[in-house]
Amino acid sequence: MQADIGSRCVGCVRELQPSLRTRAQFWNAGQQGVITRILISINALVFMWIIAGGSQGSLMGGSINQHHFDLGLAQDFLRQGEWYRMVTAGFLHFGLFHIGMNMLLLYQLGNLLEPILGRGKFTLLYFAALVGGSAGAIISSPNGLTGGASGAVFGLMTAAAVVLHQRGINPMQTGLGATLVLNLVITFAIPGISVGGHVGGALVGAGVSWVMVEPNWKRSMPWLSWAAPVVAIVGAFLVANMTL
């Protein structure tokens, strides 16, 4: 077989090629933001399913159809044992602007945090913040139908702030700090927004990320960075259960 210089036998060429497993590892290592893209895709698919539910105005928001009730979170649903709603509500949105803002922030924050934390820890952080937001929503508005990735996104915002702080950067002197403050102001200023969902997600995201990026834990007890989000998820379900 012709090579850059001269030629090589077929057997030599085969021996020089990396194995399929090695090639798969190289490909996998070169993919950035895989989990972020998967989460955005799931949210987009669920939103299209919501639109297919068929009520007028479901694209831009303002109306609710049966699909919202199938996935949304409320205390009465939990009393009936439908605990899966603590997770599914985090993929439910009430209009194009709602999902658009959340997915924009998820894309920006995910591409920042996923390479730093790794896919496994980033996934656990996201779902810990999501479930933490659901618990906060149950506390603040138990009778309302709640949905949205805002709790998870707020958790990613506070996690990014913790990461910057751990690296010696004041997050309030960056665009992230301004974004976080602005979203907190909007949370408390505009009616109809789940204050508990945003605050719950933010608190869980900050706490879990602090354990994940704390250098001392990595040296002495590295397993804590995996245990923290799991404990947070279990704790969120317990808190929600205490409200019933």
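Some notes on this structure:
- Taking the inverse of the mean 1/r over every pair of distinct Cα atoms in the range 32-242 gives a Kirkwood hydrodynamic radius of 17.1 Å.
- Relative packing of 96-105, 153-162, 168-177, which averages over residues the other C-beta atoms within 10 Å, highest first: 153-162, 96-105, 168-177
- Between the range 129-143 and the range 152-176, the alpha-carbon center distance in angstrom: 23 Å
- Cβ-derived FRET efficiency at R0 30 Å, I42 paired with L244, nearest 0.05: 0.60
- Amide H within-cut-off set for F94, under 5 Å, with H built and near neighbours excluded: I99
- Spin-label pair V230/N65, simplified geometry with 7 Å Cα→Cβ offset, distance in nm: 4.0 nm
A short reminder: the numbers here are calculations on the coordinates, not readings from a lab. Everything numeric here is computed off the predicted structure, so don't read it as measured data. Every residue, glycine as well, gets a Cβ built from its backbone with ideal geometry; the counts of neighbours run over all protein chains shown.
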